[in-house]
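Quick note: the coordinates plus some simple rules give every number you see, no bench work behind them. The structure presented is a predicted model; accordingly, all values stated were derived computationally and were not measured. Cβ placement follows ideal geometry from the backbone for every residue including glycine, while neighbour counts extend to all protein chains displayed.
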Amino acid sequence: MAEPSIDGKLAEEFAVPSHVEEVKESMTEFAQYHTSEGRRVVVITSGGTKVPLESRTVRFLDNFSSGRRGASSAEYFIEAGYAVIFLHRHRSLYPYTRMFSTINMLDALQLKSEQGEVVVDQEVLPNITKVLKRYQEVKEHRLLLPIEFSALAEYLHLLKAAAQALSTIGSKAMFYLAAAVSDFYIPASEMPEHKIQSSNGPLQLSLNMVPKILSPLVKDWAPQAFVTSFKLETDASILLDKAKKALDTYRHQAVVANVLDSRRGYVVVVTRDTQVELLLTDEDVKKDIEIEEMIVSNLTSAHCRFIDQNKV
Ligand code: PMT
């Protein structure tokens, strides 16, 4: 029997989130509004996906990602004139608030009077005024559309919905797939309903392969968009070969290759014709420059050229 298509697999084996159509409509409206205002639109995926082991989930497998890459990139895309759909893992780092993620909010506030007047301690929350001002401008101009996922099934269906929503704006759409997506899962039909009992002894798991979502995204769902995937390895010696192989396989526009330990200071942006190393120097670090600023600058220029080449 022929293998089912990825669309078929998605529909059969991954529960469809109840709000997916509503989210698709809001993404379509967002994309059309911003392109009519002359902006390009980027979908950023960020954070790790969660794979449940039981349908009434107590235990799950998780993919590592703090969400920092996606959250900081969202800010730089907005500064570059894009509108951002931020498809992120629930409670992973978020644009703007990421800067204060290590601070206990209650330590930053002081009760000034019996009437309940509260002031913010600027020493605890440095730069709060600047960040708050920018955050409010972004909100006012509706430049950021946040969409949350937790489980792998939600991620897959929401990314498909995003791709279909943005297919209406052609090459003005970019996908920036920084999320850490599980390669393995347990199909709903094989998942135990209740909590797995430790009294049954050691647990043996057999996991299926998750369909590579990049393939239908590039070929079918958003064929005119500029697509950037990320390649994460822990072994630097295989990284570039894997990045080039991904480009050959999926025929998309760029791969940002990074190694887990050095990902904050060094990446390679690989396209079919180029390979650009981006490196933060000690001077850059002192000036609070982040590598995401360089990645976004590189990709927004490539996106501009892509749009020009695809003009009819
Ligand atoms: O969040 P931080 O802590 O800042 O870390 C950032 C990061 C290291 C998570 C990020 O820079 C990164 O590398 N993200 C991609 C990690 C990853 O899942 O790599 P991968 O080699 O497993 O997947 C490669 C690409 O295929 C990814 O773009 C992914 O979206 C895509 N994929 C993966 C699985 C799958 N079933 N379908 C896919 O299309």
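Summary of computed values
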{"item": "Residues (part of a loop (DSSP other than H, G, I, E, B) and either near the ligand (Cβ under 9 Å from one of its atoms) or hydroxyl-bearing (Ser, Thr, Tyr) (or both)) located in the stretch 204-224", "result": "SER206, VAL210, PRO211, LYS212, ILE213"}
{"item": "Qualifying positions in the stretch 204-238 - surrounded by fewer than 20 Cβ atoms within 10 Å (Cβ to Cβ), farther than 27 Å from GLU3 by Cα and not charged (D, E, K, R)", "result": "LEU232, THR234, ALA236, SER237, ILE238"}
{"item": "Test: ASP121 is in contact with a strand residue (DSSP E or B) (Cβ under 7 Å, 6 or more places away or on another chain), without any contact (Cβ under 8 Å) to a residue 60 or more places away in the chain and more than 24 Å from GLU75 (Cα to Cα)", "result": "yes"}
{"item": "Enumerated strands (runs of 3 or more DSSP E) restricted to the stretch 43-109, each holding at least 2 residues that are on the phi < 0 side of the Ramachandran plot and within 13 Å of the ligand (Cβ to nearest atom)", "result": "82-89"}
{"item": "Complete set of residues in the stretch 225-244 that are away from the ligand (no atom under 13 Å from the Cβ) and part of a loop (DSSP other than H, G, I, E, B)", "result": "ALA225"}
{"item": "Any chance VAL23 is under 17 Å from LEU166 (Cβ atoms) and more than 16 Å from the ligand (Cβ to nearest atom)", "result": "yes"}
{"item": "Filtered residues of the stretch 254-280 (kept if away from the ligand (no atom under 11 Å from the Cβ) and either β-branched (Val, Ile, Thr) or in contact with a His (Cβ under 8 Å, 6 or more places away or on another chain) (or both))", "result": "VAL268, VAL269, VAL270, THR271, THR274, VAL276"}
{"item": "Complete set of residues in the stretch 136-163 that are surrounded by 15 or more Cβ atoms within 10 Å (Cβ to Cβ) and more than 16 Å from the ligand (Cβ to nearest atom)", "result": "VAL138, LEU143, LEU144, LEU145"}
